[in-house]
1. So how tilted is helix B:379-389 from the main axis of chain B? Cα-based, degrees 0 to 90, rounded to 10.
2. Take the alpha carbon atoms of the stretch A:295-346, find their center, do the same for the stretch A:63-119, and report the distance between the two centers in whole angstrom.
3. Could you work out how far helix A:2-14 tilts from the main Cα principal axis of chain A, as a 0 to 90 degree angle to the nearest 10?
4. Among the listed pairs A:Lys153/B:Lys81; B:Lys32/B:Lys341; A:Lys94/A:Lys181; B:Lys188/B:Lys253; B:Lys79/B:Lys181, which are separated by more than 32 Å between their Cα atoms?
5. With r as the distance between the Cβ atoms of A:Glu139 and A:Leu413 and R0 = 35 Å, compute the FRET efficiency 1/(1 + (r/R0)^6) and round to 0.05.
6. Debye calculation, C-alpha points only, no solvent: report log10 I(q)/I(0) for the stretch B:219-293 at q = 0.17, 0.24 Å⁻¹, in the same order as the q values.
7. How far is A:Met216 from the same spot in each other copy, in nm, shortest first, if each label point sits 7 Å from Cα toward Cβ?
8. Looking at the stretch B:103-203, which GluC sites (Glu not before Pro) are in a loop (DSSP not H, G, I, E or B) and have at most 15 other Cβ atoms within 10 Å?
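Taken together, the values in this text are just the output of simple stated rules run on the coordinates, not laboratory data. This is a predicted model, so every value here is computed, not measured. Reconstructed Cβ throughout: ideal geometry from the backbone, glycine too, with neighbour counts over all protein chains shown.
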Protein chains: 2
Amino acid sequence: MNQIKIVALVAFILTAPTFASNSLIPVSKETKEMAVSLRDKAIKDDSAYEILKSLTTEVGARHPGTPGEKAGIEWGINKLKALGFDKVYTEDVKMNGWVRGIETAEVLIPSYQKLTITALGRSKSTPEGGLEAQIVHFESYADLEKAADGSLKGKIAFISNRMERFKNGAGYGRANIARSKGHELAAKKGAEALLIRSIGTDDHRNPHTGATNVAMGYTMVPAVALSNPDADQLVRLIGYGHSPKIRLNIQTKDLGAIVTKNVIGEMTGRELPNEVVVIGGHLDSWDLGTGAVDDGAGVAIAMATATLIKNNTEMRPRRTIRVILWGAEELGLIGARAYAKAREADGTIANHVIGSESDFGAGPVYGLQSSDNISENAMHVVDTMAGLMGELGVTRRSGNTSGGPDMMPLAALGVPALNLMQDGTDYFDLHHTPDDTFDKVNPEHMRQNVAAWTVFAFIAAEWPGSFK
Amino acid sequence: MNQIKIVALVAFILTAPTFASNSLIPVSKETKEMAVSLRDKAIKDDSAYEILKSLTTEVGARHPGTPGEKAGIEWGINKLKALGFDKVYTEDVKMNGWVRGIETAEVLIPSYQKLTITALGRSKSTPEGGLEAQIVHFESYADLEKAADGSLKGKIAFISNRMERFKNGAGYGRANIARSKGHELAAKKGAEALLIRSIGTDDHRNPHTGATNVAMGYTMVPAVALSNPDADQLVRLIGYGHSPKIRLNIQTKDLGAIVTKNVIGEMTGRELPNEVVVIGGHLDSWDLGTGAVDDGAGVAIAMATATLIKNNTEMRPRRTIRVILWGAEELGLIGARAYAKAREADGTIANHVIGSESDFGAGPVYGLQSSDNISENAMHVVDTMAGLMGELGVTRRSGNTSGGPDMMPLAALGVPALNLMQDGTDYFDLHHTPDDTFDKVNPEHMRQNVAAWTVFAFIAAEWPGSFK
């Protein structure tokens, strides 16, 4: 099998995307039978649900730089050890911390009304005690772009477009520019602050926070999200001909340099221990909820998947299954970028046979997508995985993938990836809100996820060929 | 017709509940045809939805003693005048005001976690800066009753039972004792504070406030509701064997003597102007939302009903339709009690021919119930109303009724009442929470309500007989 590894490594070095690295190696009957057996055990196993319950209940929110994150890292180490992983270790990652403090807003004119808001990631503070200003309404980021530079002096720019609901979350990217770059645009137009409708699909008084495009320090102006009902309220007030004046008080803090961790657990491969199949979720969460669907679910699914394979196979699979609980995903894939950079530097990137992250909630898996750099000769393995997931309601899907947010830095370095596509119809009702709590998770869906992940992880670790 | 009125008055004085006050007087063909015509206009008319939109958007929350309540009263007067009511007036009602201030809670042990809470009506403050104490869990009010008096010294009593969901809201009354009287029981047991699971059926991080059994001053200990997900979280923590310690900071204020108002609009009867059919909703709301389903919807339905009848009949109906926008319902039917007391004192109670309040959200009407004091000879009128509402999906229902919360003091004085039963399946998802906002209201349901109310109000005002 070493030969295959060497060929794969050569393929990586040449970075020839269409280079077929090996002749077609079938997935053995035994491997398929074992995958089916594991899948059928997983569909009756509540381990992932129980792991998620423990994380979200005993730890809660896990925002970088808070005691919750620290408790989450401890929890991860202890849980991986308790589950019997062969190796458990952490890797430090330097980053810049940021936390929210006071955040209040009220309509002052035409009538006093409290607004439900939250600061976006790395939002600058308002002056102490808040600022008072009229809001100026733009239906989209594109509309704010059309305003003359400097024209919003003394005003607050308000962007009101609403994210659309799709099963695959397609509405997110489109709406998100207001959150990530709105603060720069508002500053350019002279505004005192940016107010956006939450990037979310629900109708509850729970605003959605989320990252801006700022890596350290602060946004250019205070950047704040309104809950959907509050955004509707401002739009209606403006529709009546009012020019709402609001008071906005946001106090946040740049924590400066802090250290987060990737927490890693491995089931060591019996034949090719240096070759790794990467699965995982991100351990950090936003601070408003308890990080159940984002991304405690992914953490729990990955931990339960590896544990189920270990507990139900006589020997370990051929390759190592590396469960990575990524650090500081929400603030810009910080743990994942550091991990990939270190593997690029030490030359171990090529050992990453294939990977995927579960980070799209706790809905059931419905599709299996593969990255374009998987060779034609390996495609049948992905098709076989999809076939064995068929009874779970999973179908093979077209389209390229990086395998999830924290896989992006690895995918950019050529690591093959799969995407176990989850039904995200309701995901953006909860995403980044106080409502992201354990009670929203369906145990049946958690079992279905682990069943699908088990098929993928076991076959990827057992099939002896290269995906490239 | 005066004869009937005198007979009715005699019947009232004798307070003989089974006394048939008049021979059977049919509902005329013309009256029925007009009711159908009005119903069919109402089902296409968005007036109520538009009135509700204006109230909830331009005014917002309307809690007694706040600027919002004052703005709501102004809005009510102006809107009734603008709609062309014949008489618009207000009646002052003395009461004791209470407002919330700071309200925060956090789990300190076993891990730091923010809790979503809100103070119950007239909750006492904690010491400044809050109190820290372990919680002691009781699955119900009845379980807390079983604890030894004085046994909870230095602890917080936590009652976790969950309200059940029913179309008719039957779960509310059963769960509500924890909210109304829990503070007294907690104090008796020696607890520092009372923490209850919100009386509500949703799963959002929005706690449900509501009145306690305290009319002025404060509860005996601070009395606080947790959102359902937060209550679940504490129950799970306890299930893991932890003894959660929390910090609770509640700062509230007794406003002392304040004045609220019942706002009244009348369409004067063409023949029997002193005889009144009472319809309405309550104008006040809790402070957390904007009082859309509780009870802006009722206010809007009543205003639109009377307006629709006025605008689509050549002459006014025989009797006066009195739309009462009740004051301070949430703090204990304060406006309604004062209204009834004044009518008892001045002898005009007997002029109240029949009444009903819309105060169960914005769901469609599905049933028509009548009070037991309606005479056998008048029952056919109620049956006829129900029949004409049949196309709207309304059926005749058994069971006694007081005609809604603010009708209770009048019903207690013998005023006949109907209940236009609304589908409240989702009502307690929103009730008394920040989520009680306009976006939750379905315009089709608002039209259906007005159609049903128009049938009732028009026939009650036009049919010449007595309901007693």
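1. 80
2. 20
3. It is inclined by approximately 40 degrees.
4. Values: A:Lys153/B:Lys81 40 Å; B:Lys32/B:Lys341 35 Å; A:Lys94/A:Lys181 24 Å; B:Lys188/B:Lys253 23 Å; B:Lys79/B:Lys181 38 Å.
In this structure, A:Lys153/B:Lys81; B:Lys32/B:Lys341; B:Lys79/B:Lys181 lie more than 32 Å apart at Cα.
5. Numbers: r = 40 Å, r/R0 = 1.14.
E(calc), rounded to 0.05, equals 0.30.
6. -0.96, -1.25
7. Inter-copy label distances (nm, one decimal, shortest first): 6.2.
8. On the way: sites: B:Glu103, B:Glu106, B:Glu128, B:Glu132, B:Glu139, B:Glu145, B:Glu164, B:Glu184, B:Glu192; in loops: B:Glu128, B:Glu139, B:Glu164, B:Glu192.
Qualifying residues, ordered by number: B:Glu128, B:Glu139, B:Glu164.
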